[in-house]
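The values are calculated or read from the model by the stated rules, or taken from the named source; none is laboratory data. The structure displayed is predicted, hence computed values, not measured ones. These area figures cover heavy atoms from the full protein model, side chains too; ligands, DNA and RNA do not enter into them. Shrake-Rupley method; radii C 1.70, N 1.55, O 1.52, S 1.80 Å.
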Amino acid sequence: MRECIGILTGGGDCPGLNAVIRAVVKSATKRGWDTIGFLGGYEGLLEPMRHRPLDYREMDALLFVGGTILGTSNKGRFAAKTGHGQVQQIPEEILKEAKANFHKLGLRALVTVGGDGSLTIAQRLFEHGVPLVGVPKTIDNDLEATAITFGFDSAVACATDALDRLRTTAQSHERVIVLEVMGRYAGWIAAHAGIAGGGDVILIPEIPFRYESVCARIAQREREGKRFTLIVVAEGARERGKDFVTSGPEEKQREARLGGIGAVVADEVQKRTGKETRVCVLGHLQRGGAPTTFDRLLCTRFGARAVQLIAEEKYGYMVALRPPDTVAVKLTEAIGRLRTVPLEGDIVQTARALGISFGD
Ligand code: F6P
């Protein structure tokens with residue numbers, strides 16, 4: 001009988017998930033293994049089980065198709081994360097059922113592709129006896145133990161493109177334009193896109209801001225004859241002494257939905273400066289579409305490496321990027337900690353050197 005492995009994608013989707021699936025299926029096929037994909041994230045492991053075979057001939061073109069052919073979920077019976085670093089216990093019977101189903105299928109191992117929440121679930125399943133390896137995914141880039149998660153570069157490319165477009169209209173109308181980007185409690189997308197897209201002010205969760213400082217930068221630009229300003233705001237940014245802005249009521253067993261800070265900032269800036277100000281919320285555009293070349297390559301390397309780890313029976317590990325190589329790190333090194341933008345790091349220092357304001 002041929003060996004078979006399983007794969008699932010968990011948490012919010014992002015560009016590159018299909019490229020990982022493709023790399024896993026192709027590498028497994030090369031070793032003479034079959035692959036099945038669980039549908040709808042971890043839920044596919046529970047009754048009624050949802051899975052299907054993945055044939056390598058189906059993998060054509062998946063390199064550049066957004067989303068995930070397996071579906072995914074960031075809610076449901078496994079939900080392990082409910083807030084800013086808050087982890088809740090997954091019910092014992094859920095873990096037992098998933099393990100029993102996994103073994104019923106006679107699988108050699110499982111590849112789980114996800115961010116902090118999904119990899120936290122992976123660790124629990126591993127502790128319960130499911131042989132698995134993880135692949136780090138999230139546009140937020142907030143995962144420890146890897147230099148970068150896949151999906152991040154594609155999200156930054158999207159936000160940078162948005163800034164290029166907003167620049168010309170802001171300049172034409174001599175306006176302030178605020179771009180709100182995703183990233184949850186980390187400012188990676190805002191910081192990288194803000195620099196790459198020539199933003200003038202970047203507001204990130206790591207540096208609570210003051211309106212006096214934001215408006216001072218706008219006034220300084222006016223004095224320099226620059227009558228427009230681009231402000232990039234991470235959804236998790238907040239005014240000094242204030243709480244995060246959320247976009248909906250709290251839902252049980254789900255992380256808080258951040259969003260709305262862009263409009264709050266735009267209102268206040270217009271009030272204080274008298275300058276016409278507009279807001280653009282990039283939202284899920286950052287999560288859709290084709291991965292960048294960088295992400296395609298990273299996903300392919302991660303997928304191939306994950307299969308290699310299974311061949312080596314190196315379970316409870318996650319593939320990671322430690323430039324120039326991909327390496328294996330324990331799942332426990334990656335989860336439960338948020339990787340935020342270091343204030344003394346190169347990114348913040350580069351921005352400051354260019355005169356970009358963080359509103360502090
Ligand atoms: O974690 C990825 C992410 O896109 C965050 O940047 C964002 O806060 C959240 O997911 C949005 O989740 P949902 O798609 O459930 O609204």
Out of the total accessible area of the chain (probe 1.4 Å, heavy atoms of protein only), what percent is carbon and sulfur?
50
Round to the nearest 10 and report in Å² the accessible area of Glu276, as given by a 1.4 Å probe over the protein chains' heavy atoms.
80
Residue-normalised value, i.e. accessible area per residue, for region 1-60 at 1.4 Å probe, in Å², stands at 41
For region 191-265, report the accessible area per residue in Å² (1.4 Å probe, heavy atoms, rounded to an integer).
44
